[in-house]
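Chemist: Dropping a structure here in structure tokens format, bear with me for questions.
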Amino acid sequence: MDALAGKRVAMRAPVISASLRSGFVRTGPRNFSGFVVDLNDASQKFAVEILVDGHPLRLIHADAPVDDITVAPRSDGCCGFSFSLNQAVIDNNTIVEARLANLGVAVGTPIVIAQPAAEENAAATAGDVRWLGGLRFFGYTARSQEGVVASVLVDAVPVTRVRASTWTHIGTSEHDGRAVRSFDFHLPDRFADGVVHRLTVADDGGESICGDPACFIAYADGLRQAVSGRGLSPQDKLRAELLDRLLPMSLPFSRYRDWREIPAPGPDISPTQRGAVIIVGTAGAEDTLETLREQTHDNWEALVLATTSGPAAFSPRKAEEFLRKRAAQCEFVVFAAAGTLLEPWAMARIAAGFIRFRGAQALYADVDAQQKDGSAWPLAFPAFDYERMLEQGYCAHFFALPRAAAERALKAGASSLYRLFNSVLDDTAQRGDIVHLPGTLATLGGFDAKSAGAALAEAGREHLQRKGIRCRTKKASAGAFPAVQIMRQHERLRTTVIIPTRNRQRLLQDCVDSIFPAIKRTRADLLIVDNETTDAATLRYFDKIKKRGTKVLRVPGSFNFSRLNNRAAQIARGEVLCLLNNDVKALDNMWLEEMLGRISAGDVGAVGALLVWPSGIVQHGGVVLGPSFAATHAFNDRVDGDVGYTEVLRVAHECSAVTAACMLTRRDDFLEVGGMDETRFPVNFNDVDYCLKLRAIGKRIVFTPHAKLQHLESASRRVGSLDSTKKRFERELSNLRMKWGDVLAADPYYSPLLALDPIPYSALAWPVRSTEPRINQPPVPTLAPPGL
């Protein structure tokens, strides 16, 4: 047995209280780690004694950085410890314990080291690596060191080194779910050779930190491109296209400069229209004019307007005069903030876009963001997103209007870029009249986003007032874009909160207790849907909450999430339904009020909230269609507080679907589209299918980060742990692909420039799926005959 390592170090006697939090886990065959912290005094450091079969082995200071970012809030996060045991100790002993030195207080739970199952669990949680498609891999390590650097080997040959510098969530329950260090990398292009390879990730000692090797195969431009021109049958080409959808190629954002070397897309027509360009601001305006002079479409007139009260404000009278005189023959008007640098083909693509969509009332394009070091990064936008336009103004820094729309807005007094853009939607224009051009047409110059927030807020208020909607605005922290929170004022909507459950009294009670203040604040009803509870404690809890007005609906039969919610919707008394999982906890009292403000807009069909795991990792940031030819939650790779790609997690925005773990929807809309599909989607994808049915009748789906709740759902709950579960998931995924395959292949809220591997918003598509102009239009389902 190892000798006691070192001398005991005198430390002040800690005060042990109920606020003490600790953990102790096995991270490898011979490796262990843990932490201990007093939440009432997080600066206090502890000495931990390690015991094997009850005998003291060594003393360790718990002052190392911890992997779980939520372990020690408001502290330096240094409350962890780790150690290894000799193989002889592992072979000849049974239990390892950690205790507070001289006090005997247990740290975490003792670990049985001689039990085979324990080793399997340790191996499973020590790390993992998975192939995301193409040359991209994602993995994590549960090692206690901060920022582990590991070697990547392909076919046993070292290729590169990666640092575990980001975070992800792992765990199988609410008790062991935690944040751990992760890594995300692409292999060099030479491995896209159509040959099967084996990849491993190892530490400096050569020991694998991520389990079994990952086998992969990749093609330089995707399999479809690799086999094109080989005389293959249409069936084989279809198979290649499907494989590219399931395992797509991608490139990291760090290779954006190389990615942009692809020949610039040109319009498939030669436009002849004359365009006007109005540059708002003087600082950097000459740089903008210089890029105008380099346009392939040189039929234009330009005006520089000095700003007035802010970086986006100008004199509408002077702009109107310019259009009436010098630009009298111009058919469309481009508006740009001073300092914006246009790509040589920008004017040509804008002119061609207006020809392609002759009824367009506005047109905007993707842009690059210029950094202080001179590097440029792509801001790939969605097809038109009304909610995000109001709260971020993402499309209003470089856009174009047909002449008639520009004249109407200027005559009405629109005096900022934000008001100019949203004014086209004041009256009869629809979301489908706004055109998005995928692909960068300009690089934004630096502007004061913080100051621009006032103009954005005023533009939103004025636009909604014209539509007869009263609202309040609240500034949010600005980054590259301004950000505001729009809070529509509305009549109180009667709401029924629906929670399906079976047994698990403590889980349900924690949920109900946390949401009760919001229920009371909004005078909502609470409806518990009991699916064959047998647990005595839960049945007693039902009796208790029924006495304070909660209704309990009994729905027998096997678990069918769709059926449970459908039965509840039939008897609910509220105009609005709040579908809520029993493993969700409210973090404040305002989340329901925020969501009600969004659903009060008559064209909104469903509202979703930001959900985070207890580990501090985002669990749900909206649903993206397409990754792995399926649907997935956005921003699972981000820590709570991260702004998200293009800062979209700062603001409310639209998406194709939101999770029913916390979803608001109107009861009338729910019944109109037939509720949730109990046959095709009893457990999986029912919320995605429901949201797409709402969008098919013209409704918007809104995600708001201003409503944030905690979700205990396990990130590592693996499909296939039971054969029946795996078959059910595969059947429901097949149903999703059959019914909504076209929209899975082209989510309007996700850019065709971004990768479709399993982590959305984190890489570039290779090759680009499309740069064709697009509008946001309702999806159309493929209705299969019964039995398919």
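Chemist: Which residue pairs have Cβ atoms under 7 Å apart, sit 6 or more places apart or on different chains, and have a first residue in region 592-618 that is closer than 9 Å to Val702 by Cα and a second that is among the polar types (S, T, N, Q) and open to solvent by 10 Å² or more (accessible area, probe 1.4 Å)?
Modeler: These pairs meet every condition: Gly608/Thr659.
Chemist: In this structure, is Pro705 assigned to a loop (DSSP other than H, G, I, E, B) and either open to solvent by less than 40 Å² (accessible area, probe 1.4 Å) or not β-branched (Val, Ile, Thr) (or both)?
Modeler: Answer is no for this residue.
Chemist: Okay, moving on. Pairs under 6 Å by beta carbon, first residue within 18 Å of Gly574 (Cβ to Cβ) and free of Cβ contacts under 8 Å to residues at least 60 places away in the same chain in region 502-528, partner polar (S, T, N, Q) and buried (at least 18 other Cβ atoms within 10 Å of the Cβ), six or more apart or different chains?
Modeler: Asp525/Thr496; Leu526/Thr550; Leu527/Thr496
Chemist: Right, here's the next one. Restrict the check to region 33-54 and report whether at least one residue is under 21 Å from Val180 (Cβ atoms), surrounded by fewer than 19 Cβ atoms within 10 Å (Cβ to Cβ), modelled with pLDDT under 85 and among the hydroxyl-bearing types (Ser, Thr, Tyr).
Modeler: Checked against the condition, which is being under 21 Å from Val180 (Cβ atoms), surrounded by fewer than 19 Cβ atoms within 10 Å (Cβ to Cβ), modelled with pLDDT under 85 and among the hydroxyl-bearing types (Ser, Thr, Tyr), region 33-54 yields no hits at all.
Chemist: Here is a check on your reading of the model: is Thr665 in a strand (DSSP E or B), modelled with pLDDT of 95 or more and open to solvent by less than 10 Å² (accessible area, probe 1.4 Å)?
Modeler: In short, yes.
Chemist: For region 634-650, enumerate the residues that are assigned to a helix (DSSP H, G or I) and under 13 Å from Tyr749 (Cβ atoms).
Modeler: Tyr645, Thr646, Val648
Chemist: Can I ask one more? Has region 401-408 got at least one residue that is at pLDDT 95 or above, closer than 21 Å to Ala652 by Cβ and open to solvent by 10 Å² or more (accessible area, probe 1.4 Å)?
Modeler: no
Chemist: Could you list, ordered by first residue, the pairs with Cβ atoms under 6 Å in which the first is in region 84-97 and more than 12 Å from Val112 (Cα to Cα) and of a type outside the set (A, V, I, L, M, F, W, C) and the second is open to solvent by 60 Å² or more (accessible area, probe 1.4 Å) and outside any helix (DSSP H, G or I), at least 6 apart or interchain?
Modeler: Correct list of pairs: Ser84/Arg30.
Chemist: Would you point out the residue of region 207-259, among those that are surrounded by fewer than 18 Cβ atoms within 10 Å (Cβ to Cβ), in contact with a Pro (Cβ under 8 Å, 6 or more places away or on another chain) and farther than 22 Å from Phe183 by Cα, that is modelled with the highest pLDDT?
Modeler: Asp221
Here is a yes/no grid of residues against (1) among the hydrophobic types (A, V, I, L, M, F, W, C); (2) more than 14 Å from Phe481 (Cβ to Cβ):
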site	(1), (2)
Gly374	no, yes
Arg388	no, no
Tyr394	no, no
His397	no, no
Leu401	yes, yes
Ala409	yes, yes
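Chemist: Let me ask another. Checking the conditions here, which among Arg494, Arg470, Arg466, Arg419 is over 30 Å from Leu579 (Cα atoms), surrounded by fewer than 19 Cβ atoms within 10 Å (Cβ to Cβ) and among the basic types (Lys, Arg)?
Modeler: That would be Arg466, the only listed residue that is over 30 Å from Leu579 (Cα atoms), surrounded by fewer than 19 Cβ atoms within 10 Å (Cβ to Cβ) and among the basic types (Lys, Arg).
Chemist: While we're on this one: May I ask you to verify whether Ala442 is open to solvent by less than 30 Å² (accessible area, probe 1.4 Å), in contact with a strand residue (DSSP E or B) (Cβ under 7 Å, 6 or more places away or on another chain) and either among the basic types (Lys, Arg) or assigned to a helix (DSSP H, G or I) (or both)?
Modeler: Judged against the criteria, Ala442 is not a match.
Chemist: Determine, yes or no, whether Asp669 is under 27 Å from Gly432 (Cβ atoms) and within 25 Å of the chain's Cα centre (by Cα).
Modeler: Judged against the criteria, Asp669 is not a match.
Chemist: Which residue, of Ala524, Ala537, Ala518, is open to solvent by 20 Å² or more (accessible area, probe 1.4 Å), among the aliphatic types (A, V, I, L, M) and closer than 26 Å to Pro614 by Cβ?
Modeler: Result of the check over Ala524, Ala537, Ala518: Ala537.
Chemist: Moving to a separate point now. I need a count of the residues in region 304-327 that are free of Cβ contacts under 8 Å to residues at least 60 places away in the same chain and either assigned to a loop (DSSP other than H, G, I, E, B) or open to solvent by less than 30 Å² (accessible area, probe 1.4 Å) (or both).
Modeler: So the answer is 7.
Chemist: Looking only at region 172-189, count how many residues are small (Gly, Ala, Ser) and either modelled with pLDDT of 80 or more or open to solvent by 60 Å² or more (accessible area, probe 1.4 Å) (or both).
Modeler: Residues that pass the stated criteria total 2.
Chemist: Looking only at residues that are assigned to a loop (DSSP other than H, G, I, E, B) and under 17 Å from Ile498 (Cβ atoms) in region 682-692, which one is most open to solvent (accessible area, probe 1.4 Å)?
Modeler: Filtering region 682-692 for residues that are assigned to a loop (DSSP other than H, G, I, E, B) and under 17 Å from Ile498 (Cβ atoms), the one most open to solvent (accessible area, probe 1.4 Å) comes out as Val683.
Chemist: Right, here's the next one. Within region 362-385, restricting attention to residues that are over 22 Å from Val768 (Cβ atoms), out of contact with any Leu (no Cβ under 7 Å at 6 or more places or on another chain) and not charged (D, E, K, R), which residue is modelled with the highest pLDDT?
Modeler: Gln371
Chemist: Another one. With the condition kept exactly as written, say whether any residue in region 621-636 is over 17 Å from Ile599 (Cα atoms) and without any contact (Cβ under 8 Å) to a residue 40 or more places away in the chain.
Modeler: yes
Chemist: Could I ask something else about it? Restricting the search to region 481-507, which residues are among the aliphatic types (A, V, I, L, M) and either under 14 Å from Lys551 (Cα atoms) or touching a Gly at 6+ places or on another chain (Cβ under 7 Å) (or both)?
Modeler: Within region 481-507, Ala483, Val484, Ile486, Met487, Val497, Ile498, Ile499 meet the criteria.
Chemist: I need the full set of residues from region 274-298 which are farther than 19 Å from Phe354 by Cα, open to solvent by 10 Å² or more (accessible area, probe 1.4 Å) and touching a strand residue (DSSP E or B) at 6+ places or on another chain (Cβ under 9 Å), in order please.
Modeler: Thr282, Gly284, Glu286, Asp287, Leu289, Glu290, Thr291, Glu294, listed by residue number.
The values are calculated or read from the model by the stated rules, or taken from the named source; none is laboratory data. Please read all numbers here as calculations on a predicted model, not as lab measurements. Cβ: placed from backbone, ideal geometry, glycine included. Neighbour counts: every protein chain shown. The accessibility values were calculated without ligands, DNA or RNA, using every heavy atom of the protein model including side chains. Shrake-Rupley method; radii C 1.70, N 1.55, O 1.52, S 1.80 Å.
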